[in-house]
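Everything below concerns the one structure shown next.
Just so it is clear, none of the values below were taken in a lab; they were calculated from the coordinates. These numbers were taken from a predicted model, which means no experiment stands behind them. Quick reminder, even Gly has a Cβ in these numbers, built from the backbone with ideal geometry, and neighbours come from all protein chains shown.
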Amino acid sequence: MIRVKICGITNLEDALRAAEAGADALGFIFVEGTPRFVTPAAVAPIVRALPPFVCPVGVFWDHPPAHVAAVVEECGLGAVQLHGSEPPEAVVAAPRPVLKTVKVGGPADLDQLGRYRPAAFLLDSPARWSERGEARPPVPWTLARTAAARARVVLSGGLTPETVAGAIRIARPWGVDVNSGVEVRPGRKDAERMRGFIRAARSAAAMVAEAAALDETSRRG
């Protein structure tokens, strides 16, 4: 079953609506100067209100390991996403399972997969988050499929309810991540778009799994 992460959560209402829609994980961005920045003091009560089995993920960008550990402890985070140029030692030092972001613009970028041993890789656009928070170019899905054959991959970067099914059929990721693609404006989510994104992702993943099972049956037969 594919995993779905809704990122850029800034308030309790959106967090609960994402959980009700079926999100497996929620991303809280602790990166100063970005349009969806949140403080630990704001996130901690949101995390306490989440239902069981919804994983709160803290997003960090080249923050010192001690800072990451302190925020994890204060907020009760279940995982961390290291979104910058952190060295492999930062993955090892993290106090929770790590999503290590790799910015993918071309085939050479996949060489970074061999540097790290995280719980999973998040493949994202190389374009840096803008102050306005608009959507960024998508990751090339064929390259994402190459990565998914080598490691556990969460596909991000420019996904929407309209495109996620095609992305899953081509890339075959372990999970998908969406931020601006389900927003009314930066930091405010649209409940219907979150539901549509998750429905589309689950349906496409089920079709991929069914096709794979039929192929396996044909090979054995």
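Helices in the chain, meaning DSSP H runs of at least 4 residues, each add -39500 (n - 2.57). Divided by all residues, the mean residue ellipticity at 222 nm is -11500 deg cm²/dmol. Between the amide H of V102 and those of L122, L123, D124, distances stay under 5 Å, these residues lying 5 or more places away or on another chain, with hydrogens modeled in the peptide plane. Phi angles across the range 107-123 convert, under the Karplus curve 6.51 cos²θ - 1.76 cosθ + 1.60 with θ = phi - 60°, into 3J(HN,Hα) values of x, 4, 5, 5, 4, 5, 4, x, 7, 10, 10, x, 5, 7, 9, 10, 8 Hz, Gly and Pro given as x.
As a length-normalised measure over Cα pairs under 8 Å and 6 or more apart, the relative contact order of the chain settles at 20 percent.
Based only on Cα atoms, what mean projected area does the convex hull of the range 3-220 have, in nm²?
Mean orientational projected area (the range 3-220, Cα hull): 11.7 nm².
Looking at the range 3-220, the DSSP beta bridges with both ends there are about 5 percent antiparallel.
Taking trypsin sites (Lys or Arg not before Pro) in DSSP loop states with no more than 12 other Cβ atoms inside 10 Å as exposed sites, the chain has its longest site-free stretch at 1-127.
The modelled label-to-label distance between T217 and R117, using points 7 Å beyond Cα along the C-beta direction, is 4.0 nm.
Could you work out how much longer the chain between A42 and R152 gets when fully extended? Use 0.36 nm per residue separation minus the Cα distance between them, nm to one decimal.
36.5 nm
If only the Cβ of Lys and Arg carry +1 and only the Cβ of Asp and Glu carry -1, the dipole of the chain around its Cα centre is close to 540 debye.
Near V47, within a Cβ-to-Cβ distance under 12 Å, what is the net charge of the other residues, with Lys and Arg +1 and Asp and Glu -1?
Working: positive: R48; negative: E73, E74.
After counting each charged neighbour, the total is -1.
Candidate cross-link partners of K5 among the aspartates and glutamates, defined by an alpha-carbon separation under 20 Å and a same-chain spacing of 8 or more, comprise E13, D14, E20, D24, D124, E134, E162, D177, E183, D190, E192. Screening the chain for whole DSSP H helices with an alpha carbon extent of at least 20 angstrom along the helix axis and a mean Kyte-Doolittle hydropathy of at least -1.0 yields 191-220. Here the chain is scanned for GluC sites (Glu not before Pro) in DSSP loops (not H, G, I, E, B) that have at most 13 other Cβ atoms within 10 Å, and the longest stretch holding none of them is 33-130. For the range 180-190, backbone phi angles converted through the Karplus equation (6.51, -1.76, 1.60; θ = phi - 60°) give residue-by-residue couplings of 5, x, 10, 10, 7, 7, x, x, 10, 8, 9 Hz, Gly and Pro being listed as x.
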